[in-house]
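Visitor: Below: one structure in structure tokens.
Nothing in this text is a laboratory measurement; each read-out follows from the coordinates by a stated rule. Remember, predicted model here, so these are calculated numbers, not experimental data. Cβ: placed from backbone, ideal geometry, glycine included. Neighbour counts: every protein chain shown.
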Amino acid sequence: MANTLVQFRIDDTLRQQANELCVKLGLDLSTYLRMSLTRLVQEQGVPFALKLNTVPTSAEAIAAMRKISAISQENGTSKMTLAEINAEISAVRKRRK
């Protein structure tokens, strides 16, 4: 597969900030851009977010817990004990081996 040079202009401050974040994530800017374009095509849309130290707000956390609770009730698993949950996890891990 032939490689193509892609060039575009961005604000130097933005480039520096993006480069610093990439370094913190263990990437260089070129690798990040290749990853982004590859995933964009694979997913047919913007597929992910790479963030440092993201903490959900209280409202987001509560909404997530409510969603999980509703899913659990729909699937009849809302009354499972800790032992039953651990047994389910062990069974799935055994099937994956």
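Visitor: Pull out all pairs, ordered by first then second residue, where Cβ-Cβ is under 6 Å, the residues are six or more apart or on different chains, the first lies in region 32-44 and is at negative phi, and the second is part of a helix (DSSP H, G or I) and not small (G, A, S).
Guide: Here the result reads Y32/C22, each pair linking region 32-44 to a residue that is part of a helix (DSSP H, G or I) and not small (G, A, S).
Visitor: If you don't mind, there's one more thing I want to ask. Counting just the residues of region 10-40 that are of a type in the set (K, R) and within 23 Å of N53 (Cβ to Cβ), which one comes out farthest from the chain's Cα centre (by Cα)?
Guide: Among those residues, the one meeting the criterion is R15.
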